[in-house]
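Here the structure comes first, spelled out in structure tokens, and everything after it is commentary.
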Amino acid sequence: MRKRMGRYLVCWLALGLAAAGLTGCEQGNGLDELNLAPSSATLFHDNNGVDFVVEGDTNATRDSLALPLEWSVSDASLGVILYYSGWTARYRRNAADGENTITVENQFGQKGHAVIRQK
């Protein structure tokens with residue numbers, strides 16, 4: 001009897017939350033975009049890497065950033081994301097010169113970009 005009452009209580013609670021529009025599956029109200037610092041960098045042959053930090057918009061704090069983040073580069077022949085952790089990543093250039101775009105994306109599809117110029 002007690003087990004059956006517990007199941008009914010859970011069902012009623014779920015129905016009440018659904019009726020109130022709280023299903024627990026809503027997308028978070030996060031940031032409009034992610035900002036990378038620095039937003040651009042120039043790497044010469046004697047400097048082969050740069051560290052990036054994701055920042056929120058001007059009204060956001062790190063608590064509003066949705067982890068995990070995914071990092072990518074537009075041209076892997078120019079450089080790669082060597083490693084990343086939390087809000088930071090390290091870019092390493094290859095020997096080639098050119099321009100590469102770093103993109104970071106959170107689980108809600110919000111993105112940020114930075115440009116690397118390699119000379």
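Here are the numbers for the structure shown:
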| quantity | calculated |
| --- | --- |
| Members of segment 65-119 found to be more than 19 Å from the chain's Cα centre (by Cα) and among the acidic types (Asp, Glu), listed by number | ASP75, ASP97, GLU99 |
| Strands (runs of 3 or more DSSP E) contained entirely in segment 77-119, each with at least 1 residues that are modelled with pLDDT under 95 and either in contact with an Asp or Glu (Cβ under 9 Å, 6 or more places away or on another chain) or more than 14 Å from SER39 (Cβ to Cβ) (or both) | 79-85, 98-105, 111-118 |
| Answer residue from segment 86-119, given it is closer than 15 Å to GLY49 by Cβ and among the polar types (S, T, N, Q) and is surrounded by the fewest Cβ atoms within 10 Å (Cβ to Cβ) among those | THR88 |
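The values are calculated or read from the model by the stated rules, or taken from the named source; none is laboratory data. What you are looking at is a predicted structure, and each value in this text was computed from that prediction instead of being measured. Cβ: placed from backbone, ideal geometry, glycine included. Neighbour counts: every protein chain shown.
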